[in-house]
Structures are given as structure tokens and as C-alpha cells.
Amino acid sequence: MKNPYSIKIFFDPRDKTWVAISDDLPGCSAGGDTPQEALAEFEIAVDAWLEAREKAGLEIPEPSMQLVSA
């Protein structure tokens, strides 16, 4: 995982797509035909979301949770 934010991935039956979101980044989301595609698209969305916040002079949120691999 490239970014330090926690990510939730779920299937949206209404849109018939996989969706990736983070509670740390309100309004930032991405979708795809597979969970892997949704995650890859979300990484791109996070970069754009953070860049937009920075350009607007808004605070960049701290990650609420860090995942650790064993």
C-alpha cells in the first residue's frame, strides 16, 4: 500500500462495482470492476485529493490507523 490511510473496499450492488474509500479522507473514493482495480484507482484518487487540499491551503489529515505487516 502506497499511502498510510486505512482503506475500506466493498462491492456496491446498486452500481455493480467495487468501491474503495477511507474515513480519513472525506469525499475521496474510487471504483473498479475488481477489488484490485478499485484499490489502484483509489491510490490515484488519494494523490489528487491530497494535492487539491494542499493547493487550497487546507490541512492534510493524519492517518487514523496504521496497518502493520507481520
Among strands (runs of 3 or more DSSP E) entirely inside the chain, those with 1 or more residues being within 14 Å of the chain's Cα centre (by Cα), modelled with pLDDT of 95 or more and hydroxyl-bearing (Ser, Thr, Tyr) are 29-32
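Any idea which residue in region 21-44 is surrounded by the fewest Cβ atoms within 10 Å (Cβ to Cβ), counting only those that are without any contact (Cβ under 8 Å) to a residue 24 or more places away in the chain and closer than 16 Å to Pro63 by Cβ?
Out of the qualifying residues, it is Pro26.
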Selection status of Glu51, farther than 21 Å from Ser64 by Cβ and acidic (Asp, Glu):
no
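Of all residues in region 5-20, which are within 19 Å of Pro63 (Cβ to Cβ) and without any contact (Cβ under 8 Å) to a residue 12 or more places away in the chain? Write out each step before concluding.
Initially, region 5-20 is screened for residues within 19 Å of Pro63 (Cβ to Cβ), giving 5-9, 20.
Result: no residue meets the conditions.
The values are calculated or read from the model by the stated rules, or taken from the named source; none is laboratory data. Here the structure is a predicted model, which means the values were calculated and not measured. FYI the Cβ positions are ideal-geometry reconstructions off the backbone, even for glycines, and counts take in every protein chain you see.
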